[in-house]
Amino acid sequence: MGCDIELYRQEVRQAYEAAGDECFLDNKDNIACFSQEQRTKLSERLQRYGYRILSNSPATTTYTNGDSEALLTDRGVYFSAPWGDSVFDMLMTASEFTDSGEFAKFDPQTGQWE
């Protein structure tokens with residue numbers, strides 16, 4: 001058991017809040033895709049934060065950083081880590097991705113956005 005954090009475009013957060021439906025993210029059609037430029041920036045930034053590519057396909061790229069993993073898809077970045085020090089590092093990394101205001105961090109355990 002561990003902790004999961006999701007990163008989406010800011011527009012997804014706005015649509016989620018407007019919908020008022022906690023199952024909103026279950027429908028992939030509700031989740032706006034990253035532009036190619038955004039996806040490239042996210043990949044480069046993950047690597048700057050020490051995440052190494054574990055596997056790569058046209059649809060998904062899986063990264064690892066110690067105990068933490070990140071899955072980059074067309075619609076989101078999905079972080080996961082076991083409880084412990086790696087959770088703190090993962091949470092801080094995901095939070096830093098929101099600095100520009102372009103992306104929003106979602107905690108599925110609490111249903112809260114950052």
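The values are calculated or read from the model by the stated rules, or taken from the named source; none is laboratory data. Predicted model, so just to flag it, every value in this text is computed and none were measured. When we count neighbours, we look across all protein chains shown, and the Cβ atoms used for this are built from the backbone with ideal geometry, even at glycine.
Data for the structure
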quantity	calculated
Enumeration of residues in the stretch 66-95 that are crowded, with 20+ Cβ neighbours inside 10 Å and modelled with pLDDT under 85	none
Conditions (1) in contact (Cβ under 8 Å) with a residue 12 or more places away in the chain; (2) out of contact with any Leu (no Cβ under 9 Å at 6 or more places or on another chain); (3) surrounded by 11 or more Cβ atoms within 10 Å (Cβ to Cβ): number failed by Glu22	(3)
Within the stretch 24-114, strands (runs of 3 or more DSSP E) holding 1 or more residues that are more than 19 Å from Cys3 (Cα to Cα)	52-56, 61-65, 103-107
